[in-house]
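Taking it in order: structure first as structure tokens, then the write-up.
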Amino acid sequence: LRRNVLKGISAQIVSAAVRLLPLMLFCLISIFLISDQNQALRLCLGTTATGAEYGAVSALSINHDCTRLLCGFAKGQITMWDLANGKLLRTITDAHPPGTAILHVKFTDHPALAVCNDSGGSVFELSFRRVMGMRTCESRCLFSGSKGEVCCVEPLHAGPELKDHPITHYSLLAMASLTKILLIGLKPSLKVWLTFPYGKTDPASVPLLAWQFVAVQKTINPVLAFCRGDTIHFLLVKKDESGIIHVIKHRQLQLSCDLISLSWINPRTLVLMDSTEKLRVVDRPSQEELETVDMAELQLVYNSSHFKSLATGGNVSQALALVGEKTCYQSVCSYAGQIMYLGTKSVHIMTLRNWRERVDHLLKQEKFMEALSLAWSLHEGTAKAVLGLFADPAKRKGVVADKMVEILLQYVDRSLKKCPEQGKIQVMEQHFQDMVPVMVDYYEHVVMGNKLLVYISCCLAGRAYPLGDIPEDLVPQVKNQVFEFLIRLHSVEAAQEEEVYPYIRTLLHFDTREFLNVLALTFEDFKNDKQALEYQQRIVDILLKVMVDNSDFTPSQVGCLFTFLARQLAKPDNTLFVNRKLFDQVNQIFLCAPVPMAEDAYQICEFMYDKKHLYNKIVDCYLKDPLRKEELFNYIHNILSMPGYSSEEKQLVWVKALQHIKVSQTRLQMICPLEHTPGRESSGFRKLISDPNLIRPFSLSFCSVDGLLDLLCQFSPQQVTAFLKTSQDYRLEEAIQITEKHKLHEAAAYLLEKKGNVQGAFEVLLQKVVDGIISQQTKENHWCIMNLAEGPVSPDCFSLSSALKELTMKVLNSMSSFIAPPAIIQRILQDPVYGKGKLAEIQGLILGMLETFNYEQTLLETTTNLLNSDLHWSLSHLRKAVSRGLHPRQYHCNICLQQYKRWQESEEEIIIFSCGHLYHCQCLQRKEVGVLSERQYSWSCYKCTSNQGSRPADRPSAESSRSRSTSLAQVSQTVTFQI
């Protein structure tokens, strides 16, 4: 990272603070300082009077063309400014409920659309319009804070080069509440694309969101990074050919610190800040932490006061206030590879150095070994967070090789200058023994190795090295000599332990990929040359023999050979013959590789297995391919559900999938294929479905979650209710149908109650009780059959067996819990034994029944008194809320805009609604917003219902659909006065 302090802007902040210090302190942060790219102050917007009326600035946003500025304030107001001339364009005071601070306000890519988030946890859409010269703003509630407070929002922004991307037309918005992540589309209509609940996290941790367009499988799609605590999740959003958006969990990153800031600096690198104010640079593909920078001296500005809504009286929940202790959303901004951090007295900007600057930075510190190591990793393509380097390997290696030669020259110069001036000769020998091997090693690798590859390529292509062409009469001779050199069995002065084909072996060890690329380019010209075709076949045989029979080559190098051979064999005019046994060995080595291979090598392997109908082997290809690992379940679904595959093939794929799920403890992400599996009745399947660690669907399609729910109802019904409570990805109507089909009354009642159908949920539970209780007459019959005192047993048996008496008493005591006491006594008195007056044996039973009766009577009376007390308390509070007086926002009619007079002789009816709007009765009658019901008018607020876009008379209650949340006492509350 390169760290710079914006000294000009920092000086402006300090200067403004000094000038305004004698004034009210909160006025300082209600003034906006607008500077250009040269840090020159261009505009100073706002006044101290603005701070006195609106409070501090709590949120800022600039649109994509830098012509408009949106400002949110601590007391809930929003203003829009023209950055060209500093003119105030809009002042918005009714976009959200009053009494809450603005936490976020952000433009979307749509020029007339923005979103805001207040301290009540609600999110609103702001639509800017201009009608007949008047600038207006319409507000729509996207998420109510009563369902979980949202504390972070992030719209998807696309650069000019991605403005035609199909995802951008949906205006995606990510929202993070204290319990879950939501992804919605604002265009063309509002739609929820994803709901994902958090796991167990620290309640003080801060939810974080960040968008970035990333190239995945050669396609650029947006990726959402979200975090709360120490785990970062990545969601890939893509659109299929049918126009449906899919949200897929791409991967996750586990850290050992609590994060308070998350920013992308480029598609492969993230910059994080933890709660100790340390920056961490993380490479996303490898999940490796590259650098840590301490930012304590910055004195980062936190937004705690706004999250606690101190300017409006602190009317926020304890959970939101706790999260606000560490929030710094408005103090961190990222744009175009730059991240800016706002401190109390300065602004710092962080950027990534390009590859040359990173090397030069190490050279300035005379860290030549580190510089050479970094340059070599750049040369081999293994370096992380690389900027400014060619993507083409040949160009990259050429540029980096020149830089390494420059480093080596500086290293030689330093070695000579730092040579010991005095001492024994052994000291000088030791100095050069430390220096010279490093120089020789890097020189041979970088300079001589690359030159040799270029020389071989030129000779086989008929070109002279380094420039020009070989005479035509010498071209065949040069090719033959180079080929003879490459395929030589031993070197000229070979030792006994030298392995066969040393020259090909050395070039493969130097750079397998580039050497095979040289051969591939050379083979393109071997179409009509019979001698060259023989050399081609000979080299392929040697490559197979050298790399298969030797364990010195890594699986990655074998994968390069596999790809090379597959491309040659796929040519239409192919004349190569590959030994099947050796080729299968290459294939096996490739599949058993513990490290990733080339991108297309796994696809080639999949193609071969598909030809052999070894579909279970293709599962291994998907598991080892990091780019297509997420598509494994789609492949399993196609195999198990589509026709054309035998039952044996499906069974093998199913067994292979279960093996990997068990070994890697992978969470079950696709359940639909399982319903097509022949082994659904196996114990392994039941264990898989009932395992709560596996049933955590993340980014599944709706049909997948419905399939999972159906299987849970069949094989693990005790898990259904818990699954429905923890998951948010199922479709409500389909879930109700599934639970009712399997007669899971408790789960069906939960879904009906969640839907809002409380009466239906009660009826389901009532039906369960009715079906589960045996009728009183049936109970009596069942229990009396078990009564040992009844039947052919003679009275003498009871006198002889005390055990039977004890058993009889246990049966009678058990009956008392299910059968009415009079029925028990009547049954006893009808018995031939007790009918003769021997009631001493049942005296204890009767006394116990009386004691149980007294206890249950006391319990019933106490419960009734508690219920009556709660009902009285609820009704009294409801009455107090309904009878509460209403205070109008303005003292004029919101239709005719004429003020009413408090002391006026003529009688004039006015109507005040719970929203605070005031109207003349005659004005409302002209607008036809009243509904006559039961010989009286039911009025609706004209302004509120007009903002909803529909006539108030078409709905039973306009108040029930307002965007702001209201209490029960405020619904349909209207007060009429006569003045």
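For the reader, a short list of remarks on this structure follows.
- Considering residues of the range 38-59 that are open to solvent by 40 Å² or more (accessible area, probe 1.4 Å) and of a type outside the set (A, V, I, L, M, F, W, C) only, the residue farthest from PHE73 (Cα to Cα): ASN38
- For ILE639, the stated conditions hold: it is under 24 Å from LEU712 (Cα atoms), modelled with pLDDT of 75 or more and either out of contact with any strand residue (DSSP E or B) (no Cβ under 8 Å at 6 or more places or on another chain) or open to solvent by 60 Å² or more (accessible area, probe 1.4 Å) (or both).
- When the range 374-395 is filtered for residues that are open to solvent by 20 Å² or more (accessible area, probe 1.4 Å), part of a helix (DSSP H, G or I) and at pLDDT 85 or above, the ones remaining, listed by number, are LEU374, SER377.
- Within the range 71-106, tally of residues that are under 19 Å from GLN330 (Cα atoms) and not in a strand (DSSP E or B): 6
- Test: residue in the range 341-362 that is assigned to a loop (DSSP other than H, G, I, E, B), more than 27 Å from the chain's Cα centre (by Cα) and over 30 Å from HIS104 (Cα atoms): yes
- Number of the exception - THR195 against (1) crowded, with 19+ Cβ neighbours inside 10 Å; (2) in a strand (DSSP E or B); (3) of a type in the set (S, T, N, Q): (1)
- When HIS96, HIS104 are screened for being over 25 Å from LEU43 (Cβ atoms) and either among the acidic types (Asp, Glu) or under 30 Å from the mean Cα position of the chain (by Cα) (or both), only HIS96 passes.
- If you go through the range 690-720 and keep only what is modelled with pLDDT of 75 or more, open to solvent by 30 Å² or more (accessible area, probe 1.4 Å) and either within 20 Å of HIS637 (Cβ to Cβ) or touching a Phe, Trp or Tyr at 6+ places or on another chain (Cβ under 7 Å) (or both), you end up with just GLN714.
One line per residue, one yes/no per condition, for (1) aromatic (Phe, Trp, Tyr); (2) farther than 30 Å from THR945 by Cβ:
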residue	(1), (2)
VAL153	no, no
THR168	no, yes
TRP211	yes, yes
ILE220	no, yes
ILE245	no, yes
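- Filter result for SER305 (small (Gly, Ala, Ser), part of a strand (DSSP E or B) and touching a helix residue (DSSP H, G or I) at 6+ places or on another chain (Cβ under 9 Å)): no
- Selection count where residues are without any contact (Cβ under 8 Å) to a residue 60 or more places away in the chain and open to solvent by 70 Å² or more (accessible area, probe 1.4 Å), scope the range 143-164: 5
- Hey, LYS612 charged (D, E, K, R), at pLDDT 70 or above, open to solvent by 20 Å² or more (accessible area, probe 1.4 Å) and on the phi < 0 side of the Ramachandran plot or not: yes
- Looking across the range 96-142 at every residue that is touching a helix residue (DSSP H, G or I) at 6+ places or on another chain (Cβ under 9 Å) and more than 26 Å from ALA319 (Cα to Cα), the one that is least open to solvent (accessible area, probe 1.4 Å) is identified as SER139.
- Residue in the range 256-314 that is farthest from LEU209 (Cα to Cα), counting only those that are modelled with pLDDT of 90 or more and among the small types (Gly, Ala, Ser): SER275
- Of all residue pairs spaced 6 or more apart or on separate chains, those with beta-carbon atoms under 9 Å, a first member in the range 740-751 that is within 13 Å of LEU766 (Cα to Cα) and a second member that is open to solvent by 100 Å² or more (accessible area, probe 1.4 Å) and not acidic (Asp, Glu) are ALA749/PHE762.
- Among the candidates GLY343, GLY398, the residue that is surrounded by fewer than 19 Cβ atoms within 10 Å (Cβ to Cβ), among the small types (Gly, Ala, Ser) and more than 27 Å from SER58 (Cβ to Cβ) is uniquely GLY398.
The values are calculated or read from the model by the stated rules, or taken from the named source; none is laboratory data. Because the structure is predicted, anything quoted here is derived from the model rather than measured. A quick note on method: Cβ atoms are made from the backbone with ideal geometry, for glycine too, and the neighbour counts reach across all protein chains shown. Please note that ligands, DNA and RNA were not included when accessible areas were found on the heavy atoms of the full protein model with its side chains. Shrake-Rupley method; radii C 1.70, N 1.55, O 1.52, S 1.80 Å.
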